[in-house]
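S.K.: I am attaching a structure below and will ask some questions about it afterwards.
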Amino acid sequence: MAEHWYKNAIIYCLDVKTFADGNGDGIGDFVGLGHRLDYLAGLNVDCIWLQPFYPSPMRDNGYDITDYYNVDPRVGTLGDFVEFSRRARDKGMRVMIDLVVNHTSIDHPWFQAARSDPASPYREYYVWSEDQPPDAAEGTVFPGEQHTTWTWDREAKAYYFHRFYNHQAELNITNPAVRREIEKITGFWLHLGVTGFRVDALPFLIELKGLPQDGQADPHDYLRELRHHVQTLAGDSCLMAEANLLPEQVPDYFGDGDKIHMSFNFWVNQHLFLALARKDASPILKAYAELPPLPAWCQWNNFLRSHDELDLGRLQDKEREEVFRAFGPEPSMQLYGRGIRRRLAPMLGNDRRRLELAHSLMLTLPGTPVLRYGDELGMGDDLSLPDRESVRTPMQWTAGANGGFSTAPPERLALPPVAEGEFGYPTVNVEAQRRDPQSLLNWLERVIRRRKECPEFGTGACTWIDTGRPEVLAHRCDVGDSTVFAIHNLGARRAKFLLPLSLDGAPATPGRTVHDVLADHRHEVQEDGHYKCELEPWGYRWLRCARD
Ligand code: MG
């Protein structure tokens, strides 16, 4: 059977605007990114996910688009994009891009035509109401900031629907013309060299809120249509959903393996931070027990932090309070009453042991890992910036001016780099970490290499193992007769236990050895088929059961 590349890829997420500035105007661009492709290839990245780079008034960091078929002139041209995607391919890296079609900017020509002429074909691209719906105050994505989901448009003389900001009008997914536009947009970028799409705000894209429900098919069926379209144009293409799903919603999005290919595992992400806060593995075990199995060729995306707040909205109120207390106790660190607007390293107290533990979990839990730029260095945040911009500061390349991000005067930068304190660019930067064999960057480069030698973590059947220690998370992934184990100590004390090496409790063959994948040591297995294990505080091991 063909292997699915995305089930064992290392995906690296970056924003072109804040990654590397090639022309010195203070804004990152495709030329600058092109100069850093060797860095990403050296990190063993398989796929670069680009956040939106389309023309935009930038009222929501580019998630408010005015032209789906172009590149914002501040970050480059279509020519620059094609050169970038071709060169990334040449270095063995695929490119995925953000597909933001839940809404457009109200500056988009479609919306401008829709509001100015009720007879325009673009009118039905959006969701309108002549009266203010009674539930207008409910359901906004940005509680506390956005107080309604229906805004009156004087020119259109009607209310338009928006889940997000009032400058982001929802597209009407039931309109066949809108679906045709999405086919054209995805087809366009597939032909310019991308392999797939991170589908922004997917549950909102397919909802029917504000639309006549009569005679409508199940909106999730649209995912089958979209999947069929992209897969027909490019066999290896992939849809990666931003969908913060409850366990019971999962089958609606994956179908029989004929809808989306992957989805970010928000459910496990939130329970993982609860587990780290409690120093107890059980929330992770419980989260996986609640999730239904995925169809064989589908996958979860494992992640630690994203470009948004750490969303804890799926936890119980008391659980969320525990995570707030541990990782974001100040009101300035919290956002929308549901999340934490900090980067990973400050949340974990810049503690190397806990940073390694968290990354080791992301790399070994069932799924495809997605790294966020800068986390490989342990970059910090800037809480003086508004909302989610705190975690969107420029990449820190050197100890020089602007952290090597740009040669522009500081006042012209897209966002100010973190300059001071333990996370400032004079201390935390690529150049310094490349020189230091013990740096987080060099550690991560080594473990990614090991991860690639253990594809079972991405494709194997996962079994959770009871070690009798609540702070220890132990699991094994099997492909045929090939087995890898990952064991993690979430506690602050040493943990000693015996790890059973056989699935059915049968004694292992005498004389077998266990290979410690990260330390490159071999250990004898005890005669009763157990491996004697001792983990230091926040310690972790990856093991491979050697075949005789
Ligand atoms: Mg520039």
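The values are calculated or read from the model by the stated rules, or taken from the named source; none is laboratory data. Given the structure is predicted, the values throughout are model-derived calculations rather than measurements. Quick reminder, even Gly has a Cβ in these numbers, built from the backbone with ideal geometry, and neighbours come from all protein chains shown. The accessibility values were calculated without ligands, DNA or RNA, using every heavy atom of the protein model including side chains. Shrake-Rupley method; radii C 1.70, N 1.55, O 1.52, S 1.80 Å.
S.K.: So the label point goes 7 Å from the Cα of S482 along Cα→C-beta, right? Which residues of the stretch 514-548 then have their backbone N under 16 Å from it?
M.R.: 515, 517, 543-548
S.K.: Can you compute the modelled spin-label distance between D117 and W5, with each label point 7 Å from Cα toward Cβ, in nm?
M.R.: Label at D117, label at W5, 4.3 nm between them.
S.K.: OK, next. For the chain, what is the mean residue ellipticity at 222 nm derived from helices alone (per DSSP H run of n ≥ 4: -39500 (n - 2.57); sum divided by total residues; nearest 500 deg cm²/dmol)? All intermediate terms of the calculation are to be shown ahead of the outcome.
M.R.: Details: 16 runs with 144 residues, N = 548.
Calculated mean residue ellipticity at 222 nm is -7500 deg cm²/dmol.
S.K.: With labels modelled as points extended 7 Å from the Cα through the Cβ direction, what inter-label distance (nm, one decimal) is found for Q249 paired with D387?
M.R.: 2.1 nm
S.K.: Here is a follow-up. Can you give the Rg and Dmax of the chain based on its C-alpha atoms, in angstrom?
M.R.: Cα-based Rg and Dmax for the chain come out at 23.9, 81 Å.
S.K.: Provide the per-residue ³J(HN,Hα) series for the stretch 267-282, in order, calculated from phi with Karplus coefficients 6.51, -1.76, 1.60 and θ = phi - 60°, each as a whole number of Hz, with x at glycine and proline positions.
M.R.: After applying 6.51 cos²θ - 1.76 cosθ + 1.60, I find 4, 6, 3, 5, 6, 5, 5, 5, 5, 5, 5, 8, 6, 8, 6, 4 Hz.
S.K.: In the chain, what % of DSSP beta bridges are antiparallel (nearest 5)?
M.R.: On the way: 45 of 72 bridges.
That works out to approximately 60 percent antiparallel.
S.K.: What angle do you read, to the nearest 10 degrees and between 0 and 90, between the alpha-carbon axis of helix 352-364 and the longest principal axis of the chain?
M.R.: Approximately 80 degrees, to the nearest 10.
S.K.: Sticking with this structure for a sec: I want to make sure I understand the PRE zone here: with the label point 7 angstrom from the Cα of H191 toward its beta carbon, which residues in the stretch 48-79 have backbone N atoms less than 17 Å away?
M.R.: 68-71, 78-79
S.K.: Kindly express, to the nearest 10 degrees and within the range 0 to 90, the angle between helix 78-90's C-alpha long axis and the longest C-alpha principal axis of the chain.
M.R.: Here the helix axis deviates by roughly 20 degrees.
S.K.: If you wrap a convex hull around the Cα atoms of the stretch 101-184, how much volume per residue is inside, in Å³? Don't skip to the answer; put the middle values down first.
M.R.: Numbers: hull volume 7.6 nm³, N = 84.
For the stretch 101-184, the hull spanned by Cα atoms encloses 91 Å³ per residue.
S.K.: If you roll a 1.4 angstrom probe over the protein chains with everything in place, what fraction of the accessible area of the chain belongs to carbon and sulfur, to the nearest %? Show your work: numbers first, answer last.
M.R.: Working: 10670 of 21560 Å².
Heavy-atom surface of the chain belonging to carbon and sulfur, 1.4 Å probe: 49 percent.
S.K.: ³J(HN,Hα) across the stretch 226-238 via Karplus (A = 6.51, B = -1.76, C = 1.60, θ = phi - 60°), whole Hz, x for Gly/Pro?
M.R.: Along the stretch 226-238, the couplings run 5, 4, 4, 4, 5, 5, 5, 6, 8, x, 8, 6, 8 Hz.
S.K.: Next up: Convert 20 °C to kelvin, take the viscosity as 1.002 mPa s, use the Kirkwood radius over C-alpha pairs of the stretch 460-546 as Rh, and evaluate the Stokes-Einstein diffusion coefficient in µm²/s, rounded to a whole number. Intermediate results must be reported in sequence, preceding the final value.
M.R.: Numbers: Rh = 13.0 Å.
This corresponds to a translational diffusion coefficient of 164 µm²/s.
S.K.: Which percentage, to the nearest 5, of the DSSP beta bridges contained in the stretch 130-278 is antiparallel? Before the final figure, lay out each step's value.
M.R.: Numbers: 4 of 10 bridges.
Beta bridges within the stretch 130-278, antiparallel portion: roughly 40 percent.
S.K.: Between A419 and A401, what length in nm is gained on full extension when 0.36 nm per residue of separation is reduced by their alpha carbon distance? All intermediate terms of the calculation are to be shown ahead of the outcome.
M.R.: Working: separation 18, 0.36 × 18 = 6.48 nm, distance 0.94 nm.
In short, 5.5 nm is gained.
S.K.: May I ask you to compute the full-extension gain from T463 to E321, defined as 0.36 nm times their residue separation minus their alpha-carbon distance, rounded to one decimal in nm? Before the final figure, lay out each step's value.
M.R.: Working: separation 142, 0.36 × 142 = 51.12 nm, distance 3.05 nm.
Extra length from T463 to E321 when fully extended: 48.1 nm.
S.K.: Which residues does a label at A492 reach in the stretch 274-310, if reach means a backbone N under 20 Å from a point 7 Å past the Cα toward the Cβ?
M.R.: Hits in the stretch 274-310 for A492 at 20 Å: 274-284.
S.K.: Right, here's the next one. Need one number: the % of Cα-Cα pairs in the stretch 270-389 sitting beyond the 16 Å mark.
M.R.: Details: 4423 of 7140 pairs.
The proportion of pairs with Cα distances above 16 Å equals 62 percent.
S.K.: Sticking with this one: Count the net charge of all other residues whose Cβ sits under 15 Å from the Cβ of N23, scoring Lys and Arg as +1 and Asp and Glu as -1. It would help to have the intermediate numbers written out before the result.
M.R.: On the way: positive: K17, R36, R74, R412; negative: D21, D25, D29, D72, D80, E83.
It works out to a net charge of -2.
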